[in-house]
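The structure appears below as structure tokens.
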Amino acid sequence: MVSDIKNLPIQVRLKSEINIEKVSLMKAKVYVRLKNGVLDPQGQTIQSSIERMGYDFASEVRVGKVFEIEVKDESCRKDLEKIASTMLANMIIEEYSIEFEA
């Protein structure tokens, strides 16, 4: 059996040789979007394209970003807020929200 491990790719060997305790992770989602009143030219372009395709149900399109981060639990909310406000969002023109899901 030990000789069989030598024939496996390095990633598989490392996982089998190291005794890693599986930690149950959850997903934090950080939503970043433009603040109300900030012009969204990308959203306007998408809305125009939707209308040119013959659809008339969209009155406004706003473009944003979603960051999915695996975390151990919700205790990291303060740290995520700091990361979101300093790195993920431009707080002059954008706002963010954070949600957790199991």
*Only one of these conditions is not met by Ser85: (1) in a helix (DSSP H, G or I); (2) closer than 18 Å to Val38 by Cβ; (3) in contact (Cβ under 8 Å) with a residue 12 or more places away in the chain. Which number is it?*
(3)
*Scan the stretch 45-83 residue by residue and report those that are hydrophobic (A, V, I, L, M, F, W, C) and either under 13 Å from Ala28 (Cβ atoms) or touching a helix residue (DSSP H, G or I) at 6+ places or on another chain (Cβ under 9 Å) (or both).*
Phe57, Ala58, Val61, Val63, Val66, Phe67, Ile69, Val71, Cys76, Leu80, Ile83
_Pairs where the first residue, in the stretch 39-61, is of a type in the set (S, T, N, Q) and the second is loosely packed, with under 10 Cβ neighbours inside 10 Å, C-beta under 7 Å, 6+ apart_ = Gln47/Glu60
*Pick out the one residue from Ile18, Ile92 that is of a type in the set (Val, Ile, Thr) and at pLDDT 95 or above.*
Ile92
_Name the residue that is surrounded by the fewest Cβ atoms within 10 Å (Cβ to Cβ), counting only residues in the stretch 88-101 that are touching a residue at least 12 places away in the same chain (Cβ under 8 Å) and of a type outside the set (D, E, K, R)._
Ser97
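The values are calculated or read from the model by the stated rules, or taken from the named source; none is laboratory data. Nothing here was measured: the structure is a model prediction, and the numbers come from that model. No Cβ is skipped: glycine too gets one built from the backbone with ideal geometry, and neighbour counts run over all protein chains shown.
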